[in-house]
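Undergrad: Here it is: the structure, laid out below.
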Amino acid sequence: MAVCLTTFKNHKRLTVLLKSRTILPGFGLSFGISLFTLSLLVLIPFAMLIYSTAGMGWAKFWETISHAQVLAAIYLTLKMSFFAVLTNLVFGTMTAWVLVRYQFFGRSVVNALVDLPFALPTAVTGIALATLYAPSGWLGRWFDFKIAFTPLGIWLALVVVSFPFIVRAVQPVLEDLSPELEEAAATLGAGHLTIFRRVVLPELMPALLTGSGMAFARATGEYGSVVFIAGSIPYVSEILPVIITAKLELFDVAGASAVALFMLLISFVILFVFNITQWFFSKRLGAKV
């Protein structure tokens, strides 16, 4: 009788746990610590950025961000970031495909090398790229055109630092994607391009958008790896973080905050578009399933 009563109590307790929102206790404390950490690391710095900019007034703010040199840097930063993301969409997806679908000697080494841009300090990456692709560098001497100290060098640096985001976003989805779907499409007469476009790509689209958003955000704010290879020539190869740093060196805190806030607003808009598009594709994919 006692054994039956204990079993019933255990079953009842298990049912309550499974029906609750979380099995782990302490949600209130954990949620409070999470909000405090988020506020301390994210919200308060953003609030201080807005506070530093608010004191200069709307006219001064508009004059700062509409300066020709600032606009040229914003355009160059967004353009090179966009091109870097497009490049990594192709080669990052291809790398993830090779790592998931093929077994070869040194596969674990290649898989580890993907995360190398995360591990290396950005200054080390910038110095290495500048050394390689300078006109007298190991690789730069073989090209008929300049790579380092031009917008092409900026693009190269942004490709390197944003490459892992695409690979790591696509790789888990490819691992979960059953090859039987592709085999079934092939038996129905679909070609390789049709299989990729109608079967594989819809499954990868939410992950591609997530990786693209993170890669773009990383590229727009990159400084350490770009400053050594960009050349920082105004109106030619000067990116926005360089302008922000230059204003801080001149003790123009309000001007630097204004430029940073404007770039932050642009990044928020772009990330919002990425998230909306990802939600649309996820909902569409879920409806098909």
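The values are calculated or read from the model by the stated rules, or taken from the named source; none is laboratory data. The model shown is predicted, which means the values in this text are computed figures rather than measured ones. Neighbour counts run over all protein chains shown; Cβ positions are idealised from the backbone, glycine included. Please note that ligands, DNA and RNA were not included when accessible areas were found on the heavy atoms of the full protein model with its side chains. Shrake-Rupley method; radii C 1.70, N 1.55, O 1.52, S 1.80 Å.
Undergrad: What residue among V199, V259, V160 shows peak mean-square fluctuation when the chain is described by a Gaussian network model with Cα springs under 10 Å?
TA: V199
Undergrad: At most 10 other Cβ atoms within 10 Å plus a DSSP loop assignment makes a site exposed; report the longest stretch of the chain without any exposed chymotrypsin sites (Phe, Trp or Tyr not before Pro). Mind showing how you got there, number by number?
TA: Values: sites that count: Y102, F104, F105, W138, F145, F251.
Between the exposed loop sites, the longest stretch runs 146-250.
Undergrad: Could you please put M205, M263, M214 in sequence from largest to smallest accessible area, using a 1.4 Å probe? Could you put the intermediate results ahead of the total?
TA: Details: M205 40, M263 15, M214 85 Å².
The most accessible residue leads, giving M214, M205, M263.
Undergrad: Ok, one more. Is the chain best put as rounded, prolate or oblate by its Cα gyration tensor, with a ≥ b ≥ c the root eigenvalues, rounded for a/c under 1.5, and otherwise prolate when a/b is larger than b/c, oblate when not?
TA: Judged from the Cα gyration tensor, the chain comes out oblate (a/c at least 1.5, b/c at or above a/b).
Undergrad: How large is the charge dipole for the chain, taken about the Cα centre, if only the Cβ atoms of Lys, Arg (+1) and Asp, Glu (-1) carry charge, to the nearest 20 debye?
TA: On the way: 19 positive and 13 negative charges, 204 e Å.
Dipole size: approximately 980 debye.
Undergrad: Moving on to the next point. How much of the accessible area of the chain, in percent, comes from carbon and sulfur atoms when a 1.4 Å probe is used? Don't skip to the end; give the middle numbers.
TA: Numbers: 13040 of 17890 Å².
Answer for the chain is 73 percent, counting heavy atoms of protein chains only.
Undergrad: Would you mind checking the tilt of helix 240-249 against the longest principal axis of the Cα atoms of the chain, expressed as 0 to 90 degrees and rounded to 10?
TA: 60
Undergrad: Can you give me the angle between helix 68-101 and the longest principal axis of the chain, using Cα atoms only, in degrees from 0 to 90, rounded to the nearest 10?
TA: Approximately 40 degrees, to the nearest 10.
Undergrad: Still on this model: Given the options Q171, Q103, Q69, state which has the largest fluctuation in a GNM of the chain using a 10 Å cut-off (strictly under) for Cα springs.
TA: Taking springs between Cα atoms under 10 Å, the residue moving most is Q103.
Undergrad: So what does the Cα-only Debye profile of the stretch 79-197 read at q = 0.13, 0.21 Å⁻¹, as log10 I(q)/I(0), no solvent term?
TA: -0.66, -1.19
Undergrad: Sum -39500 (n - 2.57) across every DSSP H segment of at least 4 residues in the chain, then divide by the residue count to get the 222 nm mean residue ellipticity, nearest 500. Could the numbers behind the result be given before it?
TA: Values: 15 runs with 219 residues, N = 289.
Value at 222 nm, helices only, nearest 500: -24500 deg cm²/dmol.
Undergrad: How big is the stretch 159-289 by the Kirkwood estimate over distinct Cα pairs, in Å?
TA: On the way: mean 1/r = 0.0567 Å⁻¹.
So the Kirkwood estimate lands at 17.6 Å.
Undergrad: Using alpha carbon centroids, what distance separates the stretch 204-248 and the stretch 108-155, in Å?
TA: 15
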